[in-house]
Every structure is written in structure tokens, then in C-alpha cells.
Amino acid sequence: MLVGVTSILGFFAYHSPGSDVMVPTGPVGFYFVAFAGFALVGWGGCLIGAAKHPEIGHSVGTATAFALVLGAVIRMAAWIVGDYYVFPGEALRVEATAFLILALAFLWLRPPARAAVERAST
């Protein structure tokens with residue numbers, strides 16, 4: 001959620017007079033950064049809800065792991081293409097590795113499915 005809020009605030013910071021941004025993406029790029037920020041805030045809320053109520057968290061953890069794997073694939077593809085290497089350098093490989101490790105954690109640490117819990121208790 002913190003990354004999402006930061007992305008949204010970055011959108012507004014870009015449009016403030018005299019702003020100096022680290023990533024020169026232009027107004028359309030910052031629009032999409034803010035859009036992704038809203039999605040991250042929503043996703044963070046889902047993760048917090050799943051952490052508070054583990055019985056509903058099975059599908060949230062699986063969806064999160066799937067999204068992290070997709071993010072890693074995109075970063076690996078961008079690194080292989082080479083056009084994106086100039087700006088982020090090795091960060092794409094590091095991010096892909098971190099995303100895959102996080103995806104494994106979401107799969108390994110997710111709560112058991114409700115049916116499995118009910119069978120085990122009977």
C-alpha cells in the first residue's frame with residue numbers, strides 16, 4: 001500500500017510547478033504510475049484483509065503469487081530485449097528474483113483451503 005500511495009503522490013508531485021522528477025516519463029507515464037498506485041492500494045487492502053482472516057486468504061495468496069510471477073516474466077523479458085537495460089541496469093534481474101521469491105513465499109505460507117481445514121478437524 002505504501003508503494004501505491006507513493007505512486008499516487010508522485011503523480012501529483014510531477015504536476016506541481018518546478019518539479020524535478022527522477023524518471024522522465026512525461027504526463028502519460030505518470031498517469032499510468034498513478035493508476036498502478038490505485039491498484040496497489042486495493043491489492044494491499046486485500047492482503048491485509050487476508051492476513052486478518054486467514055480462512056479467506058487462500059485465493060488472495062494464489063492471485064498474488066500469480067501476479068508476482070507475471071511481474072517477474074515481464075522484467076525478464078525487458079532485460080532480455082535490452083532496450084530497458086540502459087536506465088535500470090541490473091535492477092530488472094534483481095526485481096525478477098525478488099518477485100519469484102515472494103511468489104514462492106505466498107504459495108508456501110498461504111493458509112490451507114477451507115475444505116482441507118474442515119476435513120482435518122473431523
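Quick notes
- Selection status of Leu100, of a type outside the set (D, E, K, R) and more than 11 Å from the chain's Cα centre (by Cα): yes
- Only residues that are under 17 Å from the mean Cα position of the chain (by Cα) and free of Cβ contacts under 8 Å to residues at least 24 places away in the same chain were counted across region 78-96, and they come to 5.
- Matching residues in region 16-66 - criterion: being among the polar types (S, T, N, Q) and not assigned by TED's automatic domain parsing to the domain that holds Phe106: Ser16, Ser19, Thr25
- Scan of region 49-64 for residues that are under 17 Å from the mean Cα position of the chain (by Cα), more than 19 Å from Phe99 (Cα to Cα) and loosely packed, with under 14 Cβ neighbours inside 10 Å, ordered by number: Gly49, Ala51
The values are calculated or read from the model by the stated rules, or taken from the named source; none is laboratory data. None of these values were measured; they are calculated from a predicted model. Neighbour counts are summed over all protein chains in view; Cβ atoms, including those assigned to glycine, are modelled from backbone coordinates with ideal geometry.
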